[in-house]
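To start, the structure under review is shown below, and the notes come after it.
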Amino acid sequence: MFKKNNNQNPRVNHQTLTEVITSAKKSNDFTEIKKIVFGSSLSISYFNTLIDHNTMQKILLPYIDKYENNLEKKLDKDKFYRNLPLEEVVKTSDVKEIEDKIHNGYALLKFEDKIEDCILLNISNQLIGLRQFNESENEFSVTGPKLGFVENLDTNISLLRRKIKSPLLITEEIVIGTMSKTRVMIVYLDGITNKKHIETVKKRLKGIDFDIVWDTTVLEQIISDNSNTPFPIYLSSERLDRITYTISSGQVAIFCDGSPYAISGPSTILDFFISSEDYYYNWIIGSLFRLIRILGIFFSIFSSSFYVAVVTFHYEMIPIDLLGPLISSRANVPFPPLLEVIFLEVTIELLREAGARLPTKIGQTLGIVGGIVIGQAAVAASLTSNVLLIIIALSALASFTTPTITMSNTIRLLRFPFIILSAILGGLGIILGITIMLSHLFRLKSFGTPYMVPLHPFRVNSFKDSFIRPPYSMINERAEYLKTDKNLRYKPKKNKKKSDINEE
Amino acid sequence: MRSNTSVKMFCVLLSLLLLSGCIPRSIVDEVSLMHNVGFDREKGMIKASVIFPNYTEINKPTLITAYAKNTSSLKGKLAAKIQSHLEMGQVRVMLLSEKLSKSGISQLLDSVCKDPKIGVIRIAVSRGSLDKILETSLKESPVYLKNLIDNSIENGGIPNIDLHTMFDQHYGSGIDMYFPTLNLDPKGKIFVDGIAIFKKDKFQYMISDKEALLLKFMSDRNKNGKYEFNLNMNGHKTNFGFETLYGNHNKHIIRNKNIEKVKLNLVLNIRIEELPEWIDLQNKSDFNSLRNNIQYSISREAEQLLESFQKNKVDPLGIGRIYRIKQKGWTENNFYQNIYPKLNFEVQTKIIFRQVGVGK
């Protein structure tokens, strides 16, 4: 798919320093300052939108001014450079490097336009225009830390290193994007994460030819094992605790500058129904919530198609007490069940989409307006039936319980083929849809690992932390399918029950 | 390769869309559903009376009748009288008139048996006028008849009978089928008054609801019911009643030289709700004497019932089936003509007082 070279954006090939400067001068935010130091002219050039003006005015310029004032001293460029009170000083004569660094917020210092005497000073400000905090708004949890990643890669890695204070944590940087030159970080645990997985990730990332990397989700789609699937193949999360958990369990995480989302893989389908909150509650409560969530997914996908199938074809299986309410609520509806369901489903999707695009405060109002007013009015105008309104509302509610947004979107989408199949073939259509969906899922792979493990291939040992969340003493081993080099996470000690009375 | 698979996919989807035209739709509010169906025989024709329930505000429940020479053309005659497609899938009660039952119902049962949409339905025989029973039920909810029969099966003295047990009894050998009977009391209320026992497909013998309870004790797993008998104890006479809760039964054949005996062991747990003041259950002799009286009464009445079955040549208990286990080359004709009339019956009852005091 990406075999062809990207010819639309030919790499700029400037041979000399003058060409670089002339090219940069076409932009208005490129600034050049001339000073006289040691009797020779010193020019400082930089993009004033990229640099930190504080450093510039309080450190660099006063330092140069000091030299500018005493003219009688002998020219000693080396000393001048050595004494520069800045962290990153690069001396180079490579035109390519100079060009890259200028675009990254470095300032270029040169004496009398001589290329041998060029130095690059890092006075960039990486935090301009970025938010400093992220309270993991999109993956909210009630208990536990709310810390999320931000758009700055270094902040993210710093957060990660403060959580995993281990020499095993390795971060490897790759630059991707012909125009954006985005820093992408591969993070894994050395000696624990399977080397094959690390190699696969590196190989796929290095093979990318792309212009601007907006988000990690872009990378996710490009490196995906199968791009023709509605299912998310890799887990993407903005939560620090979630990503540290996946790294510690032996997955590879990918960070990307400018994106608050990290992706990690290889993932299985069950990973998407796990919330980090499960681990903050007692295991009994955590397991209950997880089971409810998984039930909610089935309800969300199948409830409306089940309604269509029963009402259109299988009237004989309706319990006699339900028959009355069902018939009387449908009696005035002029549409066949399929259109009725599609109408309401589309309404709900519109509400959801509109709610997501609108500012938060209006969004809430819209929810109330949409939910109560439109719903009631639709029933009163006999466009839909009461029973269906409840079913659709509940299934929409159930789809919100999925902790990962990508999977939640997949569930939104999956409902429609099932509704159409059930309207064509009834219950048989639903079964047909399930068969197609399962055979698709069985073929999916995430970094070469089966997506449906431990359900298919069936692995009894990996069922430990899947549908229920067992106590911590039982999940001290890493999942088998990740094929980690070290399986043991920690050794739980047997809790000896001592009664305080006997000790006295 | 890729284009090939997409062509295949396209063909599958296209065929789905085209084939869907062949599947008959029955949208729940656009078909005529019915819960109660009655069959009668009048002037050599079969008469079907069907109640269409009232679920929408516009339509009132209506009773429609149609006549035809055979059951399969009945549907067509009925369909001519209703506004939407006739669907049998929600039938819950099938009523058969006494007249029709006596002339044989196998043809009717065959058509019920072959319709896969018909689920669990209760079949009953109407002792009074079938039309009157249906008309009376028209005033009540559409599931009135079903609930009436369900209730007497669960809590009253009627053994569990539905379409599935009927199939087993009718198409299996060594057992005869039986259905509850419905009747109207003088005030025009419908009630379950007993059981109609069939020989092959013809109504043969009718037992009262009290006898039906004994049949329930001997054949059904659910032994819930109210039993009453004339108690003669300590020089006092009274009619005594109690509620049976649960228990078990087993029956087997005992062969003694020339005499063959059907032995039936019955264990019943009972609750006594009211006691005459002259019985003191704390007193051991009173306790034993009451228990023996109940046991004797049930055993004797059950034996009498079994003998009356024998006399009328019906076998609702399935004794033929038990006998088949012990006999090689068992045939239904031979058993009912030669062996069944000669069998002796013995019923042994064990009563356990489960609840005698206050409260439930």
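Scanning the stretch A:173-187 turns up one or more residues that are at pLDDT 90 or above, of a type outside the set (Gly, Ala, Ser) and over 30 Å from A:Leu108 (Cβ atoms).
In the stretch B:122-144, of all residues being surrounded by 21 or more Cβ atoms within 10 Å (Cβ to Cβ) and either within 13 Å of another protein chain (Cβ to nearest Cβ) or charged (D, E, K, R) (or both), the one that is nearest to B:Ile195 (Cα to Cα) corresponds to B:Arg122. Within the stretch B:145-186, restricting attention to residues that are under 27 Å from B:Ile51 (Cα atoms) and small (Gly, Ala, Ser), the residue that is farthest from the other protein chains (Cβ to nearest Cβ) is B:Gly156.
Please enumerate the residues belonging to the stretch B:24-60 that are aliphatic (A, V, I, L, M) and under 26 Å from B:Leu109 (Cα atoms).
Let us first name the residues in the stretch B:24-60 that are aliphatic (A, V, I, L, M), namely B:27-28, B:31, B:33-34, B:37, B:45-46, B:48, B:50-51, B:58.
Hits for the stretch B:24-60 are B:Val28, B:Val31, B:Leu33, B:Met34, B:Val37, B:Met45, B:Ile46, B:Ala48, B:Val50, B:Ile51.
Within the stretch A:327-351, the residues that satisfy the criterion of being over 13 Å from A:Ala378 (Cβ atoms), over 43 Å from the mean Cα position of the chain (by Cα) and not β-branched (Val, Ile, Thr) are A:Ser328, A:Arg330, A:Ala331.
Filtering the stretch A:295-313 to residues that are more than 8 Å from chain B (Cβ to nearest Cβ) and either under 18 Å from B:Lys117 (Cα atoms) or not small (Gly, Ala, Ser) (or both) leaves A:Leu295, A:Ile297, A:Phe298, A:Phe299, A:Ile301, A:Phe302, A:Phe306, A:Tyr307, A:Val308, A:Ala309.
Taking (1) more than 15 Å from B:Ser219 (Cβ to Cβ); (2) without any contact (Cβ under 8 Å) to a residue 40 or more places away in the chain in turn, B:Asn250 satisfies each apart from (1). Selection of strands (runs of 3 or more DSSP E) fully inside the stretch B:32-95 by the criterion of at least 1 residues being β-branched (Val, Ile, Thr), in contact with a His (Cβ under 8 Å, 6 or more places away or on another chain) and under 29 Å from A:Ser328 (Cβ atoms) returns B:45-52. For the stretch A:36-46, the set of residues classified as in a strand (DSSP E or B) and loosely packed, with under 15 Cβ neighbours inside 10 Å consists of A:Ile36, A:Ser40, A:Ser41, listed by residue number.
Per the listing B:Gln337, B:Gln348, B:Gln310, the residue uniquely under 19 Å from B:Lys216 (Cα atoms) and part of a helix (DSSP H, G or I) is B:Gln310. Considering the stretch B:67-90, and only residues there that are touching a Lys or Arg at 6+ places or on another chain (Cβ under 9 Å) and touching a residue at least 40 places away in the same chain (Cβ under 8 Å), the residue that is nearest to B:Ser137 (Cα to Cα) turns out to be B:Gln90.
Table: residues versus (1) crowded, with 17+ Cβ neighbours inside 10 Å; (2) within 14 Å of chain A (Cβ to nearest Cβ).
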residue	(1), (2)
B:Leu16	no, yes
B:Pro24	no, yes
B:Ser32	yes, yes
B:Val37	yes, no
B:Ile51	yes, yes
B:Tyr55	yes, yes
B:Ala79	no, no
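Taking the criterion of being within 30 Å of B:Asn269 (Cβ to Cβ), assigned to a strand (DSSP E or B), touching a residue at least 24 places away in the same chain (Cβ under 8 Å) and not aliphatic (A, V, I, L, M), would at least one residue in the stretch B:216-226 satisfy it? Yes: the stretch B:216-226 contains one or more residues that are within 30 Å of B:Asn269 (Cβ to Cβ), assigned to a strand (DSSP E or B), touching a residue at least 24 places away in the same chain (Cβ under 8 Å) and not aliphatic (A, V, I, L, M). The residues of the stretch A:209-259 that are under 24 Å from A:Gly144 (Cβ atoms) and among the aromatic types (Phe, Trp, Tyr), listed by number, are A:Tyr234, A:Tyr245, A:Phe255. Taking each residue of the stretch A:363-375 that is closer than 12 Å to A:Thr347 by Cβ and looking for partners that are surrounded by 14 or more Cβ atoms within 10 Å (Cβ to Cβ) with beta-carbon atoms closer than 6 Å, six or more apart or interchain, yields A:Gly370/A:Leu351; A:Gly375/A:Leu389.
Taken together, A:Ile274, A:Ile243, A:Ile247 contain a single residue that is closer than 23 Å to A:Pro470 by Cα, outside the structural domain of A:Ile164 (by TED's automatic domain parsing) and not aromatic (Phe, Trp, Tyr), which is A:Ile274. Does A:Ser136 fit the bill of being within 21 Å of A:Ile254 (Cβ to Cβ) and surrounded by fewer than 17 Cβ atoms within 10 Å (Cβ to Cβ)? The answer is no for A:Ser136. Checking every residue in the stretch A:225-232 against the condition of being hydrophobic (A, V, I, L, M, F, W, C), closer than 27 Å to A:Leu295 by Cα and at pLDDT 90 or above gives at least one match.
Going through A:Gly129, A:Gly144 one at a time, which residue ends up being under 23 Å from A:Val184 (Cα atoms), among the small types (Gly, Ala, Ser) and outside the structural domain of A:Ile64 (by TED's automatic domain parsing)? That would be A:Gly129, the only listed residue that is under 23 Å from A:Val184 (Cα atoms), among the small types (Gly, Ala, Ser) and outside the structural domain of A:Ile64 (by TED's automatic domain parsing). Among the residues of the stretch A:205-221, those that are within 10 Å of the chain's Cα centre (by Cα) and more than 15 Å from A:Ser180 (Cα to Cα) comprise A:Thr217, A:Glu220. Screening the stretch A:314-429 for helices (runs of 4 or more DSSP H) wholly inside it with 2 or more residues that are away from every other protein chain (no Cβ under 14 Å) and within 30 Å of B:Leu14 (Cβ to Cβ) returns the ranges A:337-357, A:386-400, A:405-425.
Could you grab me the full set of residues in the stretch B:322-351 that are hydrophobic (A, V, I, L, M, F, W, C) and farther than 30 Å from B:Asn292 by Cβ? Steps first, answer last, please.
Initially, the stretch B:322-351 is screened for residues hydrophobic (A, V, I, L, M, F, W, C), giving B:322, B:325, B:330, B:335, B:339, B:343, B:345, B:347, B:351.
Matches in the stretch B:322-351: B:Ile325, B:Trp330, B:Phe335, B:Ile339.
For first residues located in the stretch A:139-160 and assigned to a loop (DSSP other than H, G, I, E, B), partners that are small (Gly, Ala, Ser) and lie 6+ apart or on another chain with Cβ distances below 6 Å form the pairs A:Lys146/A:Ser136; A:Glu151/A:Gly258.
The values are calculated or read from the model by the stated rules, or taken from the named source; none is laboratory data. Quick caveat: nothing in here was measured; it's all calculated off a predicted structure. Glycine also receives a Cβ, built like all others from the backbone with ideal geometry; neighbour counts cover every protein chain displayed.
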